[in-house]
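Chemist: Got a structure for you, questions after.
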Amino acid sequence: MTLADLRGKIVILDFWTFCCINCLHVLDELRELEEQHRDVLVIVGVHSPKFAHEADPVALAAAVERYEVHHPVLDDPELVTWSAYTARAWPTLVVIDPEGYVVAQMAGEGHKRNVEILVGELVAEHEAKGTLHRGDGPYVPPAPSEGTLRFPAKAIVLPDGHLLVADAGHHSLAELEPDGETLVRRIGSGERGLADGGPDEARFSEPNGLCLVPEDLRHSLGYDVLVADTVNHALRGVRLADGAVTTVAGTGAQYMVGAADNFVPSDEDEADEELASIPVVGEPGDAVAGLTAGSGTFVPGPRRHKLSSPWDVAWSEPLGAFVVAMAGNHTLWSFDDSHGSIELLGGTMNEGLLDGPLHEAWFAQPSGLAIAADDRIWLADSETSALRRVDPVERTVHTLVGEGLFDFGHRDGPADEARLQHPLGVAALPDGSVVVADTYNGAVRRYGDGGAGGAGEVTTLATGLAEPSGIVVLDGGSTLLVVESAAHRLTRIALPATLVGQILDSGSHRTRRPVTELSPGEVRLDVVFTPAAGQKYDDRYGPSTRLQVSSTPPGLLLEGAGDDVPLDRVLRLDPAVPEGVLHVTAHAASCDADPAIEYPACHLNAQDWGVPVRLVEGAPATLTLPLHG
């Protein structure tokens, strides 16, 4: 299939990679648009991988099935098409009109409304010109795979010894006998959606994390298991006695960074009474859900607060709350249903690897949680291929394994040299060590700290697994139950008494995207913001933009690092550092431009870039990045 074959259609190229939560959000944003305009619009996914595993065509085919991608996908493992369209970030949308001209390029997520407007305008324009051809697109979806489980995500052991599995591909929960194969019952209709009710009526959308509610809270809360219902951006409670499902947090809509509508007001008659009983979130001055903590304005209850792709949940005794790995905006939250609160626990919503106090830390798609015997929280931080540990009392985070967003591999040995590849699950062992579902390496890895403050070490316990995404510790720690997501099964692994694993070294890697050549010395960075159709800059309450710049290694930037208001900046790059990565985060606020609207809707547009650069004499001295509303 070529672009010439698609002449007469509106074409959207969706540059994505299946590890990226923002890319998965865009897939969901495009579903409705794709269905509405199927006779005039063709979406072509261009899969440009970040991790080595994603360059495997078999893994890509599984991801297309897993995420129900109903349009053709171009495999672009060498990033040839990525380079041809000058994409610089995952995800990026490129819109091509029926005559073959590129009419828009948009980086990041949250462009659904703008794309809807643009498609409508293109349909009207080209229908009038006679250049629009209606008719079915070229895609015929394959039949889905059959079986008890379909892309299972996580599992837990129930009080009666049964297993409960988040059966993400079937949009339901599967209760199995202890053998891990025999189906006892299914909770959820199997149809994608958000609906409460009994086990046959309830609907989920790609559920992932599961957590047993502490026994002393089950009666008062009215449910026994808490579920991270990822694509519904919700937490669901499940009562095991009858399989009833209730939404306990989230509205079904995605929390968008900086948006003013991240909560849904209740009826005015009960709003004041309900809000007055809910504690304020965060520290004074922190903006959460468009409200300012410490200002006397109360944050709404969990059922009216938007969430963003919760991926896992775990109960923390010191916090007296559930910890939620909020993969969609790179944060950790605490959920206390007894007191009707959901609070930002850690993370700034910047994506990256930064340790220290939780309120200053950076995370990157936190996807797996486990509570150790000492109550510390182990965390699989997938996009930085990192194993991290959170102290809920000191409110700090420390990285044990992992280097950053672009460093990964399969390397055992000293923890500071070890490498993982996009881990999604973690479990604590009785001896104080931890096992990791090293998803894109198809392995189970173990981290041990050596005891008595010794140096940490990483070993490999098992390989040859198909995208393991969760681990359950059984039989007092002698057996692991691994959720092999891409093999649609649960697999038991017996652990040796000494827990001695293999020392493997398949190398470490850095994400190899096309490198941008820049001149050493002074370089101008220019982020060009284009508000969405019908919107304008919003500067009524102060500066409407923000630009953060850093680099890896830090020495690449002699001047220009830090946080400031303007979207342009002069950088000075050290000629002695021949290559590195520029990390750029831009924010720009815009509002409806129609003066007749008394209360215009406002939006915060945000995008992160990691731009690999090489310093070459005579290369351009300007770096331009597009930010679209």
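Since every read-out is calculated from the coordinates, none of them should be taken as a lab result. Everything quoted here is computed from the prediction, not taken from an experiment. Using ideal geometry, Cβ is built from the backbone for each residue, glycine included, and neighbour counts are taken over all protein chains shown.
Chemist: Among Phe363, Ala87, Leu353, whose Cα sits farthest toward the positive end of the charge dipole of the chain (+1 at Cβ of Lys/Arg, -1 at Cβ of Asp/Glu, about the Cα centre)?
Modeler: Value computed over the given set: Ala87.
Chemist: What full-extension length gain, to one decimal in nm, is calculated for Lys112 and Arg489 as 0.36 nm per residue of separation minus the Cα-Cα distance?
Modeler: Working: separation 377, 0.36 × 377 = 135.72 nm, distance 3.53 nm.
So the chain would gain 132.2 nm between Lys112 and Arg489.
Chemist: Something else about it: Not counting the cut sites, what is the longest span of the chain without chymotrypsin sites (Phe, Trp or Tyr not before Pro) that DSSP labels loop and that have at most 13 other Cβ atoms within 10 Å? All intermediate terms of the calculation are to be shown ahead of the outcome.
Modeler: Details: sites that count: Tyr101, Tyr541.
Looking at the chain, 102-540 is the longest stretch - no exposed chymotrypsin sites (Phe, Trp or Tyr not before Pro) with at most 13 other Cβ atoms within 10 Å.
Chemist: Right, here's the next one. So what's the gap between the Cα centers of the range 42-110 and the range 141-199, to the nearest angstrom?
Modeler: Between the Cα centre of the range 42-110 and that of the range 141-199, the gap is 30 Å.
Chemist: A 28 angstrom limit on the alpha carbon distance is what I want to check against. Which of Lys9/Lys112; Lys112/Lys306; Lys9/Lys306 exceed it? It would help to have the intermediate numbers written out before the result.
Modeler: On the way: Lys9/Lys112 19 Å; Lys112/Lys306 18 Å; Lys9/Lys306 36 Å.
Checking Cα-Cα distances, Lys9/Lys306 exceed 28 Å.
Chemist: If you don't mind, there's one more thing I want to ask. About the Cα centre of the chain, how large is the charge dipole given +1 on each Lys and Arg Cβ and -1 on each Asp and Glu Cβ? Please answer in debye to the nearest 20.
Modeler: Details: 43 positive and 93 negative charges, 249 e Å.
Roughly 1200 debye for the chain.
Chemist: For the range 4-129, what does the alpha-carbon gyration tensor say about shape, rounded, prolate or oblate, given a ≥ b ≥ c as the root eigenvalues, a/c under 1.5 as rounded, and a/b over b/c as prolate?
Modeler: On the way: a/c = 1.84, a/b = 1.66, b/c = 1.10.
It is prolate, given that a/c is not under 1.5 and a/b is the larger ratio.
Chemist: Tell me, Asp229, Asp224, Asp374 in order of fewest to most beta-carbon neighbours within 10 Å?
Modeler: Numbers: Asp229 30, Asp224 19, Asp374 8.
Least crowded to most crowded, the residues run Asp374, Asp224, Asp229.
Chemist: Take Thr2 and Glu32, extend 7 Å from each Cα along the Cα→Cβ direction, and tell me the distance between the two endpoints in nm.
Modeler: Between Thr2 and Glu32, the simple spin-label model gives 3.7 nm.
Chemist: Continuing with this model, one more query. Starting at the first residue of the range 433-445, write each ³J(HN,Hα) from the Karplus equation 6.51 cos²θ - 1.76 cosθ + 1.60 with θ = phi - 60°, in whole Hz, x for Gly and Pro.
Modeler: Listing the rounded values in order: 7, 9, 10, 10, 7, 7, 4, 7, 8, x, 9, 10, 10 Hz.
Chemist: Dipole of the range 135-208, Cα-centred, from +1 at each Lys and Arg C-beta and -1 at each Asp and Glu C-beta, to the nearest 20 debye? Walk me through the intermediate numbers first.
Modeler: Values: 6 positive and 13 negative charges, 40 e Å.
The calculated dipole for the range 135-208 is roughly 200 debye.
Chemist: Using a ≥ b ≥ c from the Cα gyration tensor of the chain (square roots of the eigenvalues), is it rounded, prolate or oblate, where a/c under 1.5 gives rounded and otherwise the larger of a/b and b/c decides, a/b for prolate? Walk me through the numbers on the way to the answer.
Modeler: On the way: a/c = 1.34, a/b = 1.23, b/c = 1.08.
Rounded.
Chemist: Now for a separate question. Please arrange Glu383, Glu99 by how many other C-beta atoms lie within 10 Å of their C-beta, fewest to most.
Modeler: Ranking Glu383, Glu99 by Cβ neighbours within 10 Å, fewest first, gives Glu99, Glu383.
Chemist: Identify, among Val473, Leu429, Gly448, the residue whose Cα sits farthest towards the positive end of the charge dipole of the range 382-477, taking +1 on the Cβ of Lys and Arg and -1 on the Cβ of Asp and Glu, with the dipole about the Cα centre.
Modeler: Val473
Chemist: Calculate one ³J(HN,Hα) per residue across the range 218-231 by plugging θ = phi - 60° into the Karplus curve 6.51 cos²θ - 1.76 cosθ + 1.60, and present them in order as whole Hz with x for glycine and proline.
Modeler: Coupling constants for the range 218-231: 4, 5, 5, 7, x, 8, 10, 10, 9, 10, 7, 8, 4, 6 Hz.
Chemist: How many nm is it between the label spots at Asp563 and Glu68, if each spot is 7 Å from the Cα in line with the beta carbon?
Modeler: 3.9
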